[in-house]
Amino acid sequence: MLGLLLSISRALEWGWGTRWPALVQVHGQLQLVGFAGLFVMGMALRLMPRFSGRRLAAARGVPALLPLVTTSLVLRSLAQPAGDSIPRDVAILASGVLLVGASLLFAATVCGTVLAPESSAEATAWFFALGSVAYVAGAALNLVQLIELVRSGAPTAPLSRQAAQLVVQHFGFIMLFAAGVVTRAVPALTGRPRPDLAARCAAVLLAAGVAVFASAALYASYVSSSEALVRLQTGGLLACSAAFAAIAWLSGALYPRANRVAAASRLPFILVRFAVAWLLASALLGAWYAARAFRLATSVDFFEIDALRHLLTLGVLTMLVLGMGMLVLPEFAGRRLQHPRERWPVVCMLGAMNASVVLRVWPSVRGADWIASTRYWPMAASGALAELAVAIFALMFLQSVVEQRTPGWSAAARLPASLVIRRTRAP
């Protein structure tokens with residue numbers, strides 16, 4: 001909703017002044033740490049015991065994760081757009097400290113669970129462990145940025161250092177965890193053997209690409225830049241793009257050998273397949289941008305990074321949130337029993353999300369060739385469509401939460417008799 005309002009405010013020239021760039025940074029953190037981040041954390045906490053065959057390590061700290069992250073986001077969202085004052089500075093610093101605390105607790109749980117000698121998490125352990133390290137690194141970079149923001153009294157953190165932080169949080173934390181689930185769960189549904197060695201290599205390649213890009217960008221920002229450093233930075237982005245392509249390939253979603261998805265789950269699984277398709281598209285686009293920048297010894301510009309980030313956020317992460325949520329959450333499992341012929345909400349989400357991706361990435365791909373205020377209208381339409389898809393998902397989930405209070409709601413015995421007969425006769 002904030003992204004939608006930010007786009008409309010520019011298209012209609014509402015004149016939000018310095019609050020506009022401050023709210024842009026708030027929007028980014030709400031999306032990465034709030035929406036995608038909390039989903040990643042929740043799914044990881046649910047799936048790690050299944051993947052590793054162990055109980056969660058450091059489980060006493062788990063209940064603190066949600067209030068820590070939520071409080072951090074609320075404090076920043078309210079404080080950063082406000083005028084320069086001592087309460088604002090205290091709230092902003094507290095926001096950064098709380099996020100660091102949450103990341104450390106989460107990393108301790110993840111590493112203690114999947115890296116134990118008796119863990120059976122295989123390649124997923126590499127994705128999750130490296131992703132938790134990236135979470136801590138991203139939270140630390142965020143705190144440093146907020147300290148500089150408070151010292152300067154500026155409305156935004158230094159823009160020259162935002163690329164490093166966002167890549168660590170986005171490509172590192174979020175995408176490593178998403179890739180760990182995709183390379184573990186999706187092959188079982190597509191009839192492909194679950195990759196192990198290749199998946200570990202992809203995890204290391206992605207983590208290395210993130211580390212190289214962020215280190216080069218930070219050194220150039222804090223110390224000095226050079227042609228060699230610029231090439232190193234673009235080389236890191238090229239490594240990330242290669243890792244994205246490998247992850248898309250290893251999932252098997254684009255070339256299934258068999259269809260092992262239950263009939264009632266096949267429509268939601270299309271969302272997952274589209275997410276993998278957009279992941280491959282982001283790999284190709286990122287490789288093109290990085291290779292061109294490497295050849296010219298120039299940095300990948302703001303518009304190109306923006307296109308990649310939103311291609312991954314809308315096309316990959318939001319699609320995965322919707323698709324995997326409907327496949328994994330118990331509320332949706334019961335819903336498939338009680339609403340076996342329900343198709344239109346998922347079809348609406350599919351159409352809305354794919355259109356949202358195209359509309360949001362289009363102005364960024366045009367870049368400096370389209371800087372008029374009209375460029376914000378496709379962004380606003382994209383935000384509205386994404387909001388529609390997430391709202392449908394939320395309403396379905398909430399309806400299922402209410403309906404499941406009925407005893408035996410998720411039992412197969414409550415299926416319509418005609419459907420049960422048809423299923424028993426199916427080969």
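The values are calculated or read from the model by the stated rules, or taken from the named source; none is laboratory data. All values reported here derive from a predicted model rather than from experimental measurement. All Cβ positions, glycine included, derive from the backbone under ideal geometry; neighbour counts span all protein chains shown.
Listed values, structure above:
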| item | result |
| --- | --- |
| Residue within the range 352-365 that is farther than 29 Å from GLY180 by Cα, under 20 Å from the mean Cα position of the chain (by Cα) and crowded, with 21+ Cβ neighbours inside 10 Å present | no |
| Odd one out for GLU342, checked against (1) in a helix (DSSP H, G or I); (2) more than 24 Å from GLY252 (Cβ to Cβ) | (1) |
| Single unsatisfied condition, LEU327 versus (1) touching a residue at least 40 places away in the same chain (Cβ under 8 Å); (2) over 20 Å from the mean Cα position of the chain (by Cα) | (2) |
| Set ARG260, ARG231: member being outside any helix (DSSP H, G or I) and touching a residue at least 24 places away in the same chain (Cβ under 8 Å) | ARG260 |
| Residues of the range 367-390 satisfying the condition of being surrounded by 13 or more Cβ atoms within 10 Å (Cβ to Cβ) and free of Cβ contacts under 8 Å to residues at least 40 places away in the same chain | TRP370, ARG375, PRO378, ALA381, LEU385 |
| Residue match in the range 187-198 (condition: over 20 Å from ALA245 (Cβ atoms) and among the hydrophobic types (A, V, I, L, M, F, W, C)) | yes |
| Test: residue in the range 373-395 that is at pLDDT below 95 and not in a helix (DSSP H, G or I) | no |
| Residue check, ALA57 in contact with a Ser or Thr (Cβ under 8 Å, 6 or more places away or on another chain), farther than 23 Å from VAL390 by Cα and of a type in the set (A, V, I, L, M) | yes |
| Residues that are within 26 Å of ARG161 (Cα to Cα) and buried (at least 21 other Cβ atoms within 10 Å of the Cβ), drawn from the range 27-47 | GLN29, GLN31, LEU32, VAL33, ALA36, GLY37, VAL40, MET41 |
| The range 204-231: number of residues that are under 25 Å from the mean Cα position of the chain (by Cα) and either farther than 15 Å from ALA283 by Cβ or surrounded by 23 or more Cβ atoms within 10 Å (Cβ to Cβ) (or both) | 14 |
| Helices (runs of 4 or more DSSP H) within the range 53-163 that include 2 or more residues farther than 18 Å from ALA36 by Cα and in contact (Cβ under 8 Å) with a residue 40 or more places away in the chain | 86-114, 123-152 |
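Yes/no matrix, rows are residues, columns are (1) part of a loop (DSSP other than H, G, I, E, B); (2) small (Gly, Ala, Ser); (3) more than 22 Å from SER52 (Cα to Cα):
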site: VAL168; (1), (2), (3): no, no, yes
site: GLY172; (1), (2), (3): no, yes, no
site: VAL182; (1), (2), (3): no, no, no
site: ALA185; (1), (2), (3): no, yes, no
site: ALA188; (1), (2), (3): no, yes, no
site: ARG194; (1), (2), (3): yes, no, no
site: ARG200; (1), (2), (3): no, no, no
site: VAL204; (1), (2), (3): no, no, no
site: ALA208; (1), (2), (3): no, yes, yes
